[in-house]
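Asks: Quick one: this structure, given as structure tokens, is what I'll be asking you about.
The values are calculated or read from the model by the stated rules, or taken from the named source; none is laboratory data. What you see is a predicted model; the values in this text were computed from it and never measured. Here the Cβ positions follow ideal geometry from the backbone for every residue, glycine too, while neighbour counts run over all protein chains shown. Calculation scope for accessible area: heavy atoms of the full protein, side chains included, ligands and nucleic acids excluded. Shrake-Rupley method; radii C 1.70, N 1.55, O 1.52, S 1.80 Å.
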Amino acid sequence: MKVWTWILALLISGTCAIAQMPTVTITPGSTATASVVAAGSKWDVNINNGFAGGPTTFTISGTSATRIRRVYVTVDTGQTSILDIRGTSSSSPILDLEEIDRVSGSGIGFIEVHRLRTSGDVGLIRVHRIGGQIADAIDIGGHVVSGFTLLGSSPSIEHTIVRGDFQGNISLPNGGDILGLTIEGNLGYSAAPVTVTTGRVQRLNVTGAAYASITAGGTGTIQRFTTGSSPVGSITAVNFATVGGGTTGIVIGNECRGNITLSGHIQVPLTITGALRGTVQAVTSSSNTPIVIGSIPAASSPFAEGVLRLVGTGSGGVNGGTITVNGDVAGKLELNGNIVMNVTINGELSGRFTSTGSLTSGDTITITDGISSTGLLSLGGSLTGNLSLPANGLEGQVIFNAGNTGGSWTGTITIGSTTISHTGGVYTNLPSALGGGSIGLAPFKLHETACTPPHGQEDTPGPILENSSFETTGDMPVLIRLFGPIVKADPEDSWTDCVHIQCRPIGAGDECSWVNVTTGFRVRGPGDTDWTGDERSLGLSRAAGMYPKVGVYRVALKSGRVVCAEVTGAPAVVWPLNCAEGNEPRFAYTFRIEPDCDNDQIGDFVDESVDCDFNPCHVNMDEDNSVTVADIFAFLTYWFSGHPRADFDKSGVIDVSDIFAYLTAWFVTNSLECPA
């Protein structure tokens, strides 16, 4: 009984194998031959085409269970061998196919696969053309596990659908075209990325992710490439442009985790719906061509910094359509040349947006969430277009003329409802009204109203400093602010090395009778380990053991020692002219130190209504807002240390007479309050 069961099973198996055997029909090909040979549970189909009278079609038909291991073609003619591989009808599939290849022959004729329908996987296809004139001629129901290799100088892939993953490489020469290839799974795997090389791409759609390096050589044009998920790898081509009919545009359905490098232009829409976590580089984008990106983040392991770079065409700049980033820019947006387009960031700029040229008239940069404290917007040339930021939206830096080529600021800057009015790059709006940042037209000038105290308060009423403001060496009551970032011309210098600090009496007849007091101060600024300010400012504190006296002070620049950061050639900053010394002009920031015994922010030298001698605020040495015995001890501490506050009679000398003057005032004001 067991023997008969085995024999019956063998007969059934053999019958099924015969039923699965493919057949080959040759049209016309009177001298062409074909044979089918069993290869285990699969079949080998061997074709020999020597027909010279024209193209020959080899129709290989099977059933839904037919499994073909190899289709080997020997070409002994200059004519084309056409393969049509299908199931029982032109629209039905066989099960699977491992390989189609040209193996030998003396002829130069092409091999073209005009139809291939499988429900399962396909291995390697190495022919001159894949896909004919029939829509969806190539329909692979499973995966492509070994790839496509196209032969000849101008092969093509068209009308091809892969229902699963494409796990192998796609190789065409520079003259080849991918005219239509749809992959409903992934292109490659994260652990096994693939390569795609061709001349042009008219349509390559990947529903899943693309783990691939795609190169379009030769004319190097890509018209349509889409992925439904994040691609990892690279795209290298000449242009994103039209190849033929059909839909145009490059669409990355999620994050772009690789680089896109074009030696030419973006002439069809480019959309990256997620974050750009690599570099996109091209020459320009064409008129009316949108570039849309989800966000451009900073580097975050394992991903690189996001960069969108248009290198421009020299004087032509980056003429084009629009750039829209629908999120934050923490990476880089680099445009080389004039910006002849609108740029919109629907988020915050915390990275760098730079251009070597100008923003042209009629074009607008809009940053809906403003520029953060780390953000930089820099134009190498002029602002003749428009910049729009939200209210309090400028925490960082805007620079014009960063190329140091004579750029100007003639366009409009709107921050919320405020339009910035300026003369030569100088405006009076305080940083606090803008968000904390600055707009700088290089070379950067002194932001006079933003300094503490404001520049120019010499012999007239206005905000002043008392010498008590320099109580400790850590106190930094003087802040000198510019419109743009600064650095030292010589990194080995200290900031104190870069300036002269000079003093003269208040109300001196000779307004230029300055005395050098630099050694009494320390200047701190960007790069110092204990600097807590921004990159646009310098701070002034007293040196150890030194106390500034009453007087008018100026901080004068040493020639060429303080220069503009982020500006080509690092030009020297520009401060107001204040008295020359010999033949050398002095560009300086000025302020004054003066007592203010009644705390009304009017210096006692010009305050006609004050009697300092018997004012409780003048006597209140421990600054607790009332006159008590503790103030006597506080005064004596100042007196023994030689502190300027101990010069109570303003004689310019600290001596015993100051003790008597103070005690006289104390007895008059004892127990009185000093307004806070």
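Asks: Which of the residues belonging to the range 181-198 are in contact with a Ser or Thr (Cβ under 6 Å, 6 or more places away or on another chain) and surrounded by fewer than 24 Cβ atoms within 10 Å (Cβ to Cβ)?
Replies: Listed by number, the residues that qualify are E184, T195, T197.
Asks: Tally time: how many residues in the range 241-295 are under 23 Å from S350 (Cα atoms) and hydroxyl-bearing (S, T, Y)?
Replies: Of the residues in that region, 4 qualify.
Asks: While we're on this one: Across the range 84-111, which residue is most open to solvent (accessible area, probe 1.4 Å) among those that are part of a loop (DSSP other than H, G, I, E, B) and not polar (S, T, N, Q)?
Replies: Only one residue tops the list, namely I108.
Asks: Identify all residues within the range 306-335 that are within 16 Å of L376 (Cα to Cα) and either touching a Cys at 6+ places or on another chain (Cβ under 7 Å) or at pLDDT below 95 (or both); write none if there are none.
Replies: Residue satisfying the conditions is L335 alone.
Asks: I've got another one for you. Considering only the range 356-371, state which residues are open to solvent by 10 Å² or more (accessible area, probe 1.4 Å) and either in a strand (DSSP E or B) or over 14 Å from G403 (Cα atoms) (or both).
Replies: Of everything in the range 356-371, those that are open to solvent by 10 Å² or more (accessible area, probe 1.4 Å) and either in a strand (DSSP E or B) or over 14 Å from G403 (Cα atoms) (or both) turn out to be T360, S361, G362, D363, T364, T366, T368, D369.
Asks: Contact list please: Cβ distance under 6 Å, first residue in the range 286-312 and closer than 22 Å to T368 by Cβ and acidic (D, E), second residue open to solvent by 10 Å² or more (accessible area, probe 1.4 Å) and not in a loop (DSSP other than H, G, I, E, B), pairs at least six apart or on different chains.
Replies: Short answer, once both residue conditions are applied: none.
Asks: If you take the residues of the range 115-155 that are modelled with pLDDT under 95 and out of contact with any Pro (no Cβ under 9 Å at 6 or more places or on another chain), which of them is most open to solvent (accessible area, probe 1.4 Å)?
Replies: For the range 115-155, the residue satisfying everything is Q133.
Asks: A further question follows. Could you check the range 403-433 and list, in sequence order, the residues that are open to solvent by 20 Å² or more (accessible area, probe 1.4 Å) and touching a Phe, Trp or Tyr at 6+ places or on another chain (Cβ under 7 Å)?
Replies: Scanning the range 403-433 gives S421, H422.
Asks: Is it the case that the range 379-402 has a residue that's open to solvent by 40 Å² or more (accessible area, probe 1.4 Å), farther than 21 Å from A299 by Cα and of a type in the set (A, V, I, L, M)?
Replies: Taking every residue of the range 379-402 in turn, at least one turns out to be open to solvent by 40 Å² or more (accessible area, probe 1.4 Å), farther than 21 Å from A299 by Cα and of a type in the set (A, V, I, L, M).
Asks: How many residues does the range 264-282 contain that are open to solvent by less than 20 Å² (accessible area, probe 1.4 Å) and either outside any strand (DSSP E or B) or polar (S, T, N, Q) (or both)?
Replies: 3
Asks: Right, something else. It is to be established whether one or more residues within the range 285-296 are in contact with a helix residue (DSSP H, G or I) (Cβ under 9 Å, 6 or more places away or on another chain), hydroxyl-bearing (S, T, Y), under 24 Å from S355 (Cα atoms) and at pLDDT below 95.
Replies: no
Asks: To continue, here is another question. Listed residues T236, T261, T242; which is open to solvent by 50 Å² or more (accessible area, probe 1.4 Å), under 19 Å from the mean Cα position of the chain (by Cα) and farther than 16 Å from A209 by Cβ?
Replies: Answer to the check: T261.
Asks: Is one or more of the residues making up the range 211-232 over 24 Å from the mean Cα position of the chain (by Cα) and free of Cβ contacts under 8 Å to residues at least 12 places away in the same chain?
Replies: Taking every residue of the range 211-232 in turn, none turns out to be over 24 Å from the mean Cα position of the chain (by Cα) and free of Cβ contacts under 8 Å to residues at least 12 places away in the same chain.
Asks: Quick check on the range 335-353. Is at least one of its residues more than 22 Å from P269 (Cβ to Cβ), part of a strand (DSSP E or B) and open to solvent by 10 Å² or more (accessible area, probe 1.4 Å)?
Replies: yes
Here is a yes/no grid of residues against (1) touching a Pro at 6+ places or on another chain (Cβ under 9 Å); (2) over 20 Å from G131 (Cβ atoms); (3) outside any strand (DSSP E or B):
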{"position": "N205", "(1), (2), (3)": "no, no, no"}
{"position": "G208", "(1), (2), (3)": "no, yes, yes"}
{"position": "S213", "(1), (2), (3)": "yes, yes, no"}
{"position": "G217", "(1), (2), (3)": "yes, yes, no"}
{"position": "T221", "(1), (2), (3)": "no, no, no"}
{"position": "S229", "(1), (2), (3)": "no, yes, yes"}
{"position": "S234", "(1), (2), (3)": "no, yes, no"}
{"position": "G244", "(1), (2), (3)": "no, no, yes"}
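Asks: Cβ-Cβ distance below 9 Å, separation of 6 or more or different chains: which pairs start in the range 471-497 with a residue that is hydroxyl-bearing (S, T, Y) and end on one that is assigned to a loop (DSSP other than H, G, I, E, B)?
Replies: T473/A543; T473/A544; T473/G545; T473/M546; S494/D528; T496/A543
Asks: Identify all residues within the range 640-657 that are part of a helix (DSSP H, G or I) and modelled with pLDDT under 90; write none if there are none.
Replies: Matches in the range 640-657: S641, P644, R645, A646.
Asks: Name every residue in the range 327-360 that is hydroxyl-bearing (S, T, Y) and closer than 23 Å to V567 by Cα, in order of residue number.
Replies: Scanning the range 327-360 gives S350, T354, S355, T356, S358, T360.
Asks: Which is modelled with pLDDT of 95 or more, out of contact with any helix residue (DSSP H, G or I) (no Cβ under 6 Å at 6 or more places or on another chain) and within 19 Å of S91 (Cβ to Cβ), of T207, T182, T197, T215?
Replies: T182
Asks: Return the residue satisfying two criteria in turn: it lies in the range 44-55 and is open to solvent by 30 Å² or more (accessible area, probe 1.4 Å) and assigned to a strand (DSSP E or B), and of such residues it is farthest from R86 (Cα to Cα).
Replies: Only one residue fits best here, namely N48.
Asks: I'd like the residue in the range 621-631 that is crowded, with 18+ Cβ neighbours inside 10 Å and more than 30 Å from V523 (Cα to Cα) and, out of all such residues, is modelled with the lowest pLDDT.
Replies: The qualifying residue modelled with the lowest pLDDT is V627.
Asks: For the range 206-225, state whether one or more residues are touching a His at 6+ places or on another chain (Cβ under 8 Å), open to solvent by less than 40 Å² (accessible area, probe 1.4 Å) and aliphatic (A, V, I, L, M).
Replies: No; the residues of the range 206-225 include none that is touching a His at 6+ places or on another chain (Cβ under 8 Å), open to solvent by less than 40 Å² (accessible area, probe 1.4 Å) and aliphatic (A, V, I, L, M).
Asks: Are any residues in the range 634-676 open to solvent by 50 Å² or more (accessible area, probe 1.4 Å), touching an Asp or Glu at 6+ places or on another chain (Cβ under 8 Å) and aromatic (F, W, Y), and if so, which ones?
Replies: Passing the criteria: only W639.
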